[in-house]
Amino acid sequence: MSLVYEDGVLVSGSLQALVQHAVPTAVYYPDTAYLFAFLLSSRLFVKPHELLQRVCEVGFTQQGLKDNDLSTINKDKLGRFVAHMVQLLGEWSETFPYDFRDERMMGGVRTMTHRCIALQPALRRDVTQVHVSRDLIPYTTQ
C-alpha cells in the first residue's frame, strides 16, 4: 500500500510507506508535523528501537550506502543526507526523550552516529551536540 492523501493531506499508508516518508534524503527532509505524528503513532505498531533500525536501513540503502562503497557516491549529496539523518535523530531525541532510555535504542543510536561520523567526519561536532543536549553522551561513547 502506498501513501493516501485527501485534499493534499496525508491520511494513511502502510507502515513501510510511512517509514519511507519519514526518512530524509539529500534533498528531502520530512515535515516537522509529520515527524511528530509519525513518531508518536508508530509506537503502536513498532518499538522505537526497531523503527530507528528501519529508518537507518531505508536511508542508507536508498542512498546506495548498504555496503559502505563510496566510489560511486556524490560527496555533496552524501554530506546533506548524513546531516539530515543527524537532524532527524536530534529532533526525535528532543520530542521523545524517553525513547532513548532503552539500551536497545541507544545501541541503534551508537551504530547510526558512528556510521554518520565515518561518512562525514565534519559532523562530529553536530553529533556531539545532539548527544550533549539530550544527555545521551554516557550512552553513545561507551
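The values are calculated or read from the model by the stated rules, or taken from the named source; none is laboratory data. Just so we're clear, the structure is a prediction, and the values are computed from it rather than from any experiment. Ideal geometry is used to build each Cβ from the backbone, glycine not excepted, and the neighbour counts take in all protein chains shown. SASA here: full protein model, heavy atoms, side chains in, ligands and nucleic acids out. Shrake-Rupley method; radii C 1.70, N 1.55, O 1.52, S 1.80 Å.
Brief remarks follow.
- Every residue from segment 66-100 that is modelled with pLDDT of 90 or more, closer than 11 Å to Q120 by Cβ and open to solvent by 50 Å² or more (accessible area, probe 1.4 Å): R80
- Residues (part of a loop (DSSP other than H, G, I, E, B), under 17 Å from H49 (Cα atoms) and modelled with pLDDT of 85 or more) located in segment 101-142: D102
- Conditions (1) of a type outside the set (K, R); (2) over 13 Å from the mean Cα position of the chain (by Cα); (3) open to solvent by 40 Å² or more (accessible area, probe 1.4 Å): number failed by Y28: (2)
- Here R115 passes the criteria (1) surrounded by fewer than 17 Cβ atoms within 10 Å (Cβ to Cβ); (2) without any contact (Cβ under 8 Å) to a residue 24 or more places away in the chain except the one numbered (2).
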